[in-house]
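Single-structure report; data block below.
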Amino acid sequence: MKEAAPLPGAASPLDPGADVERPAWESFRADVRRYFRYARAETFWERARIVTQTEGIWATAVYRAGRWLHREAPAPLRACLRVPLAAVREVTRLALGIHLDPACRIGPGLYIGHSGGVWVAPGAVIGRECNLSQGVTLGVGGTLRRGSPRLGDRVWVGPKATLSGPLVVGSGAVIGANSLVVSNVPERGVAVGVPARVVALSGSGALIG
């Protein structure tokens with residue numbers, strides 16, 4: 001399946017200092033559209049059910065609200081809502097098992113397949129239309145592996161995969177289930193194992209659609 005072309009004029013999430021984010025509402029609409037597409041939800045009631053019952057949408061909504069408050073909201077409103085939003089974020093983390101740190105940067109179209117054990121560290125960068133499965137960890141730190149990963153566009157990360165340290169995962173790459181990634185993965189690379197190694201360059205098209 002053909003990989004999606006980059007958005008016109010959009011910076012690559014792999015460029016140092018690149019701003020992968022769009023306005024929060026625009027990004028959230030792109031997030032929700034991906035859930036609708038996967039579920040083939042066409043009617044109002046089907047879409048309403050998905051929005052109200054999907055944990056990934058709720059977690060992403062809280063994250064997008066935090067980024068809106070940080071980047072777009074007027075200063076007085078920012079001051080008033082900072083503490084309540086932090087409380088909502090903590091409740092969301094405990095209830096859903098999904099932690100999207102407010103200091104990470106996520107492009108539009110994020111899809112979280114299942115809740116539980118998803119942890120994205122501060123400083124992590126996730127490009128457009130990426131998929132995170134349950135149990136994914138982005139950015140385990142330590143004295144030797146400090147730093148957070150940068151993911152390109154349309155990266156698929158399998159269940160219980162861990163990406164540790166300031167590594168780069170190229171656009172269209174696939175990280176296999178239960179893999180431990182400690183080094184860079186090229187564009188369209190398929191990385192599996194502990195530690196992960198690249199076994200193919202077939203890309204994520206068949207998985208992301």
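The values are calculated or read from the model by the stated rules, or taken from the named source; none is laboratory data. Just so it is clear, the model here is predicted, and its values are computed rather than measured. Quick reminder, even Gly has a Cβ in these numbers, built from the backbone with ideal geometry, and neighbours come from all protein chains shown.
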Note to self: If I filter region 66-77 for residues that are out of contact with any strand residue (DSSP E or B) (no Cβ under 8 Å at 6 or more places or on another chain), within 25 Å of residue 199 (Cβ to Cβ) and at pLDDT below 90, do I get at least one hit?
What the structure shows: no
Check: How many residues are part of a helix (DSSP H, G or I) and surrounded by 12 or more Cβ atoms within 10 Å (Cβ to Cβ) when one looks only at region 64-76?
Finding: 8
Next item on the list: Have a look at 61, 41 and point out the one that is surrounded by 15 or more Cβ atoms within 10 Å (Cβ to Cβ) and outside any helix (DSSP H, G or I).
Entry: 41
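Any residue that is among the charged types (D, E, K, R) and at pLDDT 90 or above - is there at least one of those in region 123-131?
Residues of region 123-131 among the charged types (D, E, K, R): 128-129.
Now narrow it down to the ones that are at pLDDT 90 or above: 128-129.
Yes, the conditions are met somewhere in region 123-131.
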Item checked: Residues that are within 18 Å of the chain's Cα centre (by Cα) and not hydrophobic (A, V, I, L, M, F, W, C), drawn from region 38-69 -> 38, 54, 55, 56, 60, 63, 64, 66, 67
Next item on the list: Could you tell me whether any residue of region 181-196 is hydrophobic (A, V, I, L, M, F, W, C), surrounded by fewer than 24 Cβ atoms within 10 Å (Cβ to Cβ) and at pLDDT 95 or above?
Entry: yes
Item checked: Residues satisfying the stated conditions in region 173-190, i.e. touching a residue at least 24 places away in the same chain (Cβ under 8 Å) and closer than 25 Å to residue 146 by Cα -> 173, 174, 177, 181, 182, 187
Check: Residues of region 169-184 being over 13 Å from residue 207 (Cβ atoms), within 17 Å of the chain's Cα centre (by Cα) and outside any loop (DSSP other than H, G, I, E, B), which ones?
Finding: 169, 181
Check: Within region 77-122, how many residues turn out to be part of a helix (DSSP H, G or I) and of a type in the set (Ser, Thr, Tyr)?
Finding: 1
Checklist line | Enumeration of residues in region 147-168 that are under 16 Å from residue 125 (Cβ atoms) and outside any strand (DSSP E or B) | finding: 147, 148, 149, 152, 153, 154, 155, 165, 166, 167
Check: What about residue 144, is it at pLDDT below 90, of a type outside the set (Ser, Thr, Tyr) and in a helix (DSSP H, G or I)?
Finding: no
Notebook entry, point to check: Consider residue 193 against the criteria (1) without any contact (Cβ under 8 Å) to a residue 40 or more places away in the chain; (2) of a type outside the set (A, V, I, L, M); (3) in contact with a strand residue (DSSP E or B) (Cβ under 7 Å, 6 or more places away or on another chain): it satisfies all of them except one. Which criterion is unmet?
Noted result: (3)
